[in-house]
Amino acid sequence: MPSRRPTWLQRHWFVLGSLTVGLIGSGCFIAWQGQTVGAQAEATLHQVSASTGLTLDGRLTHLPAAKLAPVHRGNPDNDQPQLQLKATRQALERELIRRPTLDGHRTLGRCYLAEGKPLAAFAHLQMAVQQFPRDAALHSDLGLALLEVARTSPAAAEEALDALDMALRLEPNLLEARYNRARALEMLGRWDEARLAWQDYIRRDPDSTWGTAARERLAFLDRYDRTTSQP
């Protein structure tokens, strides 16, 4: 019987391990604790998301009134929000070295993702999801990190879809996971499924900024389909 193809995670485990070593400390397992720095980091994510928007082609969970931003890096107009995110993330890293918590790793992963550093984000989110496997929001954010990784490593898109499917098994009405799943299907070239996923998202969230973005994605797929079907 042929051996199963190694997953993206299996091929890159040594890279991910190097990103998290030093934050585990002595190897004792991490306890759940409240963390003021973590709350400040989440507040920064909310502020940047609602004002300038995050340069992500998907949705981080629990960011109300999020605003879409252009999906590209190095925009001089976004230097200040990125500096703000970086300073917040660095403060959280220092706190985690002193007092590591799984909730801190969740937030640190979200900050890395907002900064456009998906490999580092994945490492921290994966650590948290291993201890909270029934947390749908964690699976959704992990799937988004993998979608960002898939920009340069396309094989990660399959595992992104797996993470997002798990999120929806745990919480079928999680809109962030539904949005990200439609993006994953697009990245995998599964156009008919992507179209159905966008239609489903629009039915569930018709009036938000994200509903508008979903309609734009659906219109793009319809135009693409008409273009490719012409002789």
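Before we move on, is GLU176 touching a residue at least 40 places away in the same chain (Cβ under 8 Å), charged (D, E, K, R) and closer than 22 Å to LEU68 by Cα? Break it down into steps so the answer makes sense when it comes.
Details: touching a residue at least 40 places away in the same chain (Cβ under 8 Å): yes; charged (D, E, K, R): yes; closer than 22 Å to LEU68 by Cα: yes.
Spelling it out, GLU176 is indeed touching a residue at least 40 places away in the same chain (Cβ under 8 Å), charged (D, E, K, R) and closer than 22 Å to LEU68 by Cα.
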Please determine whether any residue of the stretch 190-210 is within 23 Å of ARG110 (Cα to Cα) and touching a strand residue (DSSP E or B) at 6+ places or on another chain (Cβ under 9 Å). yes
Tell me the residue from ALA167, ALA155, ALA219 that is small (Gly, Ala, Ser), under 18 Å from the mean Cα position of the chain (by Cα) and surrounded by fewer than 20 Cβ atoms within 10 Å (Cβ to Cβ), please. ALA155
Pairs with Cβ under 7 Å, 6+ apart, first in the stretch 197-219 and in contact (Cβ under 8 Å) with a residue 40 or more places away in the chain and closer than 9 Å to TYR179 by Cβ, second charged (D, E, K, R) and surrounded by 14 or more Cβ atoms within 10 Å (Cβ to Cβ): TRP210/ARG59
Specify which of the listed residues (THR152, THR209) is modelled with pLDDT under 95 and more than 16 Å from LEU63 (Cβ to Cβ). THR152
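Taking LEU146, is it farther than 19 Å from THR55 by Cα and within 16 Å of the chain's Cα centre (by Cα)?
Numbers: farther than 19 Å from THR55 by Cα: no; within 16 Å of the chain's Cα centre (by Cα): yes.
Considered against the rule, which asks whether it is farther than 19 Å from THR55 by Cα and within 16 Å of the chain's Cα centre (by Cα), LEU146 comes out as no.
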Subset of the stretch 113-145 [among the aromatic types (Phe, Trp, Tyr) and modelled with pLDDT of 95 or more]: PHE122
With in contact (Cβ under 8 Å) with a residue 60 or more places away in the chain and either at negative phi or touching a Cys at 6+ places or on another chain (Cβ under 8 Å) (or both) as the only criterion, which of GLU158, GLU171, GLU186, GLU193 stands out? GLU158
Starting from residues that are among the charged types (D, E, K, R) and part of a helix (DSSP H, G or I), keep the ones in the stretch 174-194 and report whichever is surrounded by the fewest Cβ atoms within 10 Å (Cβ to Cβ). ASP192
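Checking the condition at pLDDT below 55 and not charged (D, E, K, R), which residue from THR61, THR52, THR20 passes?
Values: THR61 fails: at pLDDT below 55; THR52 fails: at pLDDT below 55.
Answer to the selection: THR20.
The values are calculated or read from the model by the stated rules, or taken from the named source; none is laboratory data. These numbers come from a predicted model, not from an experiment. In this analysis, Cβ positions are derived from the backbone assuming ideal geometry, glycine residues included, and neighbour counts consider all displayed protein chains.
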